[in-house]
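Novice: The structure follows.
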Amino acid sequence: MTEPARPIIRIQNITKRFGKMTAVDNVSLDINAGEFFVLLGPSGCGKTTLLRMIAGFELPTEGRILIDGQDMAGIPPNKRPVNMVFQSYAVFPHMSVADNVAYGLKIAGVRGGEVRDRVAEALELVKLGGFETRMPDQMSGGQRQRVALARSLVMRPKVLLLDEPLSALDAKLRAQMQFELSELQEKVGITFVTVTHDQDEALSMACRIAVINKGEVSQLATPSDLYEYPANRFVADFVGSVNIFEGKLTLDEPDKAAVDCPGLGKVYLNHGVTGPHGADVWVALRPEKIYLHVPGAGKAVTAAAQDAPDGHNFARGKIKGMSYLGDITLFEIELETGARIRVSRPNLSRHDQEDFTWDDKVSMHWRADSPVVLLG
Amino acid sequence: MALFARTPRAPLEYSRTLWMRLWVGAVMVFLYAPLVVLMIFSFNDSKRNVVWRGFTTKYYEKALGNDQLVEALLNSLTIAALATIVSLALGAVAAVMLWRFRFPLKGAVDGTISLPIIVPEICMGVAFLMFFAAVDWPTDLVWPFNLGAITIAHITFCFPFVTMVVRSRLASFNREQEEAAKDLGASEWQVFRDVLIPHIRPALVAGALLSFTLSLDDFVITYFTSGPDTITFPVKVYSMVRFSVTPEVNAASTLLIILTVALTFIALKLQGVKAIAETH
């Protein structure tokens, strides 16, 4: 980025309790102007509560929220410079598409031709030009969502909040809307804050993602950092699929490290991890970063030896489960230690899926920059 | 001919079985035979109206020329209109209040609101008689203020029905619509006007229809609260029948049936039958 990031929303030490239950626990984060920010977490983690506090539908128990430098305490939802797209879309069923989109403008006192122009512009933006006189019950779910989007965008808010925007759409439409939302966000330049439990959605759309767990921010990072450098076991496990093994840190220098995992074997890394020597740690290894080989030829050992000392970064096992997904095949392998590991293998040619089958013995290796050592 | 080709009956096509058709026919006869007889005999050219003696429309002229009867009908319509308007406002507000807010003694309020539906009409009638006597309600007011007592009594038993219908409609309201309106800048009042009222509109129409017809044909409670100058249509018909059942009564009743059916039809047309069905 060339210009310095300017925070448009500042969430400062926000806590929300419902009776004895703490939904959001001392969360602080800055959301920058013009970015696509995603709050990602499992259901019940407090992400929606956080979003609703920004919109003003819930009041924080402690802490404060600043939007564009202004403290939002005591400001009701209808006076905040943010607009929300609801999970159910909440399109007004008794109003035509144009009336739905014009509703906020009319309340704001905009009159006549300007209303018409801005409604037309907003509908054009969400590709619903010509739908002005339709009633919501004559539209599909995807179209109703576009109406809800237009209805919010027409207000030209500083921030657009989206609560699980794609959860009610079918898979194809969801993939399409992911692109369209990103495109739309770039076009209008409004800050988007989206809540989702779907990691694909988060990874594909976000500039930055805050992973929320039990009311706290587990990690705040860009999508690729989140995936490749998860900060803890929760993030590693929640974002994408991962194999996690417990182990002891046996070597830790600035340019290399080694972990002895009873389940997996000896793991070597070509970078330091800055943990106390002999500490209990966890090694996370993504399924797609493990290479499978037919055993016997010593290929795994040779491949592993290219960037790791002998005896590190390879393992042997037996295929216990397979699922063919078209583009990849997913293997569940029982290691010689008895532990199980998941490996995915791209089907680069049409016959790749025939290479391995159930109960085949296999060996595998991974590169020294693939494992992630987690301290918590 | 293809039109009369007999296709096999599908498993759930009960309407094509003979016994089902007979049953439906029997139900229709049971429901409507008395009304049909009443209407037919309104054209009977006989004073005693027991046997058919030929066709005439003179009893319609007679009924419409009966000043007392016309006045009673006018009273009934006025009371029904007033009772409907007030019941609608009162019932809808009560329903929204019970749905939206929590307050002390809510359970008790909830229970007492529907009490007038349960309490036997005769008890209500006696209670109103005693009440209006006890508060010394003036009986010598000019029209339409002399209808006040009856109207108040009618509102009492009409508005719980409105509350009931509106509440069941409110149960299907998506609260996110309320939040969406607020999010777009609407105040509480604007949310009520622009989102909540349109949602409960079918229930309001249904409630108004219920109130109007309940009020129009109420006899028991009205009998206890009406005075010599405030005769309503059902009370008048009752007093006419006490002398003799002439076709004039039939004619008047037929006119009333046509009137209420027409009103209902217009209301349904205005609202769209689909919307009414949505309330249930």
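FYI, it's all coordinate maths here, none of it is from the lab. As the structure is a prediction and not an experimental result, all values here were calculated from the model. Neighbour counts are summed over all protein chains in view; Cβ atoms, including those assigned to glycine, are modelled from backbone coordinates with ideal geometry.
Novice: From the list A:G46, A:G112, A:G104, pick out the single residue that is away from chain B (no Cβ under 14 Å) and either within 28 Å of A:L29 (Cβ to Cβ) or touching a strand residue (DSSP E or B) at 6+ places or on another chain (Cβ under 9 Å) (or both).
Specialist: After applying the criteria, what remains is A:G46.
Novice: Listed residues B:P247, B:P234; which is in contact with a strand residue (DSSP E or B) (Cβ under 8 Å, 6 or more places away or on another chain) and away from chain A (no Cβ under 14 Å)?
Specialist: B:P247
Novice: Here's another thing I want to ask about it. Can you confirm whether A:S96 is within 11 Å of chain B (Cβ to nearest Cβ) and either among the hydrophobic types (A, V, I, L, M, F, W, C) or surrounded by 14 or more Cβ atoms within 10 Å (Cβ to Cβ) (or both)? Full working, then the answer.
Specialist: On the way: within 11 Å of chain B (Cβ to nearest Cβ): no; either among the hydrophobic types (A, V, I, L, M, F, W, C) or surrounded by 14 or more Cβ atoms within 10 Å (Cβ to Cβ) (or both): yes.
Against the criterion (within 11 Å of chain B (Cβ to nearest Cβ) and either among the hydrophobic types (A, V, I, L, M, F, W, C) or surrounded by 14 or more Cβ atoms within 10 Å (Cβ to Cβ) (or both)), A:S96 does not qualify.
Novice: Give, as residue ranges, the strands (runs of 3 or more DSSP E) completely inside the range A:150-266 that count at least 3 residues that are in contact with a helix residue (DSSP H, G or I) (Cβ under 9 Å, 6 or more places away or on another chain) and of a type outside the set (V, I, T).
Specialist: Ranges flagged: A:159-163, A:208-213, A:216-221.
Novice: Within the range A:51-80, how many residues turn out to be more than 19 Å from A:T191 (Cα to Cα), in contact with a strand residue (DSSP E or B) (Cβ under 6 Å, 6 or more places away or on another chain) and within 9 Å of chain B (Cβ to nearest Cβ)?
Specialist: Selection size over the range A:51-80: 0.
Novice: Ok, one more. Based on what the data block shows, is A:F37 out of contact with any His (no Cβ under 9 Å at 6 or more places or on another chain) and touching a residue at least 40 places away in the same chain (Cβ under 8 Å)?
Specialist: Criteria met by A:F37.
Novice: Just checking, how many residues over the range A:81-93 are outside any loop (DSSP other than H, G, I, E, B) and facing another protein chain (nearest Cβ under 7 Å)? Working first, answer last.
Specialist: Restricting attention to the range A:81-93, the residues satisfying the condition of being outside any loop (DSSP other than H, G, I, E, B) are A:82-85.
Those left that are additionally facing another protein chain (nearest Cβ under 7 Å): A:83-84.
Result for the range A:81-93: 2.
Novice: What about A:S152, is it within 14 Å of chain B (Cβ to nearest Cβ) and touching a Lys or Arg at 6+ places or on another chain (Cβ under 9 Å)?
Specialist: Details: within 14 Å of chain B (Cβ to nearest Cβ): yes; touching a Lys or Arg at 6+ places or on another chain (Cβ under 9 Å): no.
So A:S152 does not fit the description; no.
Novice: Same structure, new question: Check A:A304 against each of (1) assigned to a strand (DSSP E or B); (2) touching a Gly at 6+ places or on another chain (Cβ under 9 Å) and name the one condition it does not meet.
Specialist: Unmet for A:A304, out of (1) assigned to a strand (DSSP E or B); (2) touching a Gly at 6+ places or on another chain (Cβ under 9 Å): (1).
Novice: Given the conditions (1) of a type outside the set (S, T, Y); (2) under 16 Å from A:Y89 (Cα atoms); (3) within 14 Å of chain B (Cβ to nearest Cβ), report the number of the one that A:L166 does not fulfil.
Specialist: Status for A:L166: all satisfied but (3).
Novice: Within the range B:111-207, considering only helices (runs of 4 or more DSSP H) that don't extend past its boundaries, which have at least 3 residues that are within 14 Å of chain A (Cβ to nearest Cβ) and surrounded by 19 or more Cβ atoms within 10 Å (Cβ to Cβ)? Before the answer, list the steps.
Specialist: Working: elements: B:115-118, B:121-134, B:148-170, B:175-183, B:188-191.
In the range B:111-207, B:175-183 are the helices (runs of 4 or more DSSP H) which contain 3 or more residues that are within 14 Å of chain A (Cβ to nearest Cβ) and surrounded by 19 or more Cβ atoms within 10 Å (Cβ to Cβ).
Novice: Here's another thing I want to ask about it. Against the condition surrounded by fewer than 22 Cβ atoms within 10 Å (Cβ to Cβ), under 27 Å from B:I197 (Cα atoms) and more than 10 Å from chain B (Cβ to nearest Cβ), how does A:G130 come out, does it pass?
Specialist: Considered against the rule, which asks whether it is surrounded by fewer than 22 Cβ atoms within 10 Å (Cβ to Cβ), under 27 Å from B:I197 (Cα atoms) and more than 10 Å from chain B (Cβ to nearest Cβ), A:G130 comes out as no.
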